[in-house]
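Q: Have a look at the structure that comes next, please.
All of the numbers you see were taken from the coordinates with simple rules; none came from a lab. Given the structure is predicted, the values throughout are model-derived calculations rather than measurements. Glycine gets a Cβ as well: all are built from the backbone with ideal geometry, and neighbour counts include every protein chain shown.
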Amino acid sequence: MAFFSKLKDRLFKSSSKIEQGLDAIVEDGGVEEAVTATQPDPVIPQPDPEPQPVPELPDTPEMPEPQPVDPTPAPMPPEAPQPIDPAPPAEAGTGRGLLGRLFARPGGATVVRRTLDDDMLEQLEELLIAADMGVDTALRVTANMAEGRIGRKLSTQEIKALLAQEITRIMEPVARPMPLYPKRPQVVLVVGVNGSGKTTTIGKLASQFKAAGKKVVIAAGDTFRAAAVEQLQVWGDRAGVPVLTAPEGSDPASLAFDAMTRAQEDGADLLLIDTAGRLQNRADLMEELAKIVRVIRKKDDTAPHNTLLVLDATTGQNAISQVETFQKLADVSGLVMTKLDGTAKGGILVSLADRFGLPIHAIGVGEQIDDLAPFDPEDFAAALTGFERG
Ligand SMILES: Nc1nc2c(ncn2[C@@H]2O[C@H](COP(=O)(O)OP(=O)(O)OP(=O)(O)O)[C@@H](O)[C@H]2O)c(=O)[nH]1
């Protein structure tokens with residue numbers, strides 16, 4: 001679980017924010033109690049004559065469907081192994097592991113607990129909204145967490161466990177590695193606003209796919225900025241992958257077409273196409289992206305096979321409008337969230353998952369070539385809430 005501690009360290013700002021807020025909420029009206037090893041579990045509903053919802057059931061009406069519709073082309077089945085998810089999250093999301101481990105622990109001397117009521121719920125909602133979870137998602141998470149528990153006394157650690165469980169449940173359906181297809185070349189179009197981390201992510205992906213034995217070609221589709229092309233060449237060198245370029249100012253759609261030809265001739269497995277960063281409100285740049293897609297389809301009408309939207313986690317709620325805009329224009333098939341290290345806005349991932357259900361293929365947790373990791377919902381939820389797992 002080495003990556004978990006790395007993620008946890010790097011998500012420190014998010015988790016410390018939620019953690020401090022939780023401490024303050026619980027202490028506001030909480031009561032210090034002695035803890036004994038045999039103390040009855042205050043969180044898991046005790047046998048009760050009233051019908052109580054079972055916390056682990058995934059089919060509460062407010063929850064999104066467990067599996068988002070797979071937006072990837074249907075006729076090509078995924079092929080194993082998939083390099084950016086070497087270890088699928090075992091038993092993630094059942095929640096039993098989290099709670100079981102928590103309550104199996106012998107207690108300390110005392111613990112502060114506060115009775116869960118409407119006031120406390122409101123404070124929890126505000127805390128989650130402040131962590132960039134968005135209003136709707138924050139309300140859903142707190143409502144699910146509170147179901148069957150109003151009137152019960154909860155400690156900070158118990159609330160963290162419950163929040164982590166709810167967040168895991170929302171994130172599980174979207175934690176999916178980028179699908180690989182037998183199609184050659186598999187065309188991966190990488191889009192996003194300026195500075196979101198597209199170039200860096202392409203470098204990291206190229207390195208991982210190459211290490212997994214794939215023949216990779218990169219196309220430097222940001223023909224407007226010579227610096228962007230140079231940066232991509234540096235990443236290509238690091239990853240040991242060729243980078244196809246075109247003269248500054250030339251048509252990126254034409255480069256994409258040439259890159260398709262070259263990748264086909266070379267028998268490449270993957271063609272990763274970088275694109276210029278574009279703001280959602282620049283209609284001309286958005287039209288240019290649509291042109292790239294049209295041109296690629298002249299060579300292969302099933303391409304691009306993946307359209308990855310790279311989002312900078314530090315932009316918080318603005319990521320929502322980025323997804324909406326790019327979805328309309330480029331048929332986004334999956335997300336990569338960058339810069340999760342050192343942001344206090346990690347809650348945006350929960351909001352995105354809850355709202356769009358788009359697969360999160362990977363997360364960026366640093367600027368180095370190996371700082372791209374598969375998205376593990378249980379690790380993420382624990383890191384975000386500051387929940388200490390056993
Ligand atoms: N801390 C951190 N920095 C990152 C991460 N991913 C990218 N960056 C940094 O973000 C900055 C922008 O990254 P780029 O890859 O150049 O972004 P881009 O989307 O290609 O940018 P444009 O070419 O302007 O559209 C660089 O300084 C990267 O080092 C990440 O996961 N964590």
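Q: Which of the lysines could a cross-linker span from Lys153 if the Cα-Cα distance has to be under 28 Å and same-chain partners fewer than 8 positions apart are dropped?
A: Lys8, Lys13, Lys17
Q: Pull up all non-local amide H partners of Asn194: gap of 5 or more, or a different chain, and H-to-H distance under 5 Å with H placed in the peptide plane.
A: Arg278, Leu279
Q: Counting Lys and Arg as +1 and Asp and Glu as -1, what is the net charge of the other residues whose Cβ lies under 12 Å from the Cβ of Leu116?
A: In short, -1.
Q: Which residues' amide hydrogens lie under 5 Å from the amide hydrogen of Thr115, considering only partners 5 or more residues apart or on another chain, with H built in the peptide plane?
A: Those qualifying (amide H under 5 Å, at least 5 residues apart or on another chain) are Leu154.
Q: Taking θ = phi - 60°, what integer Hz values does the Karplus form 6.51 cos²θ - 1.76 cosθ + 1.60 yield along segment 343-356, in sequence order, with x for Gly and Pro?
A: Whole-Hz 3J(HN,Hα) from phi for segment 343-356: 10, 9, 10, x, x, 4, 5, 5, 4, 5, 5, 5, 7, 10.
Q: Which value, in debye to the nearest 20, describes the size of the charge dipole of segment 186-374 about its Cα centre when Lys and Arg Cβ atoms bear +1, Asp and Glu Cβ atoms bear -1, and nothing else is charged?
A: The dipole magnitude comes to about 260 debye.
Q: Just order 330-339, 240-249 by mean Cβ neighbour count inside 10 Å, highest at the front, would you?
A: 330-339, 240-249
Q: Students often check this: by mean Cβ neighbours within 10 Å, which of 311-322, 222-233, 178-189 ranks highest, and how do the rest follow?
A: 178-189, 311-322, 222-233
Q: Which whole-angstrom value gives the distance between the alpha carbon centres of segment 247-305 and segment 106-159?
A: Segment 247-305 and segment 106-159 have Cα centres spaced 47 Å from each other.
Q: Would you mind ranking Glu33, Glu287 so that the residue whose beta carbon has the fewest other beta carbons within 10 Å leads the list?
A: Glu287, Glu33
Q: By count of other Cβ within 10 Å, fewest leading, how are Lys198, Lys328 ordered?
A: Lys328, Lys198
Q: Got the relative contact order for segment 186-374 handy, in percent, Cα pairs under 8 Å and 6 or more residues apart?
A: Contact order relative to length: 26 percent.
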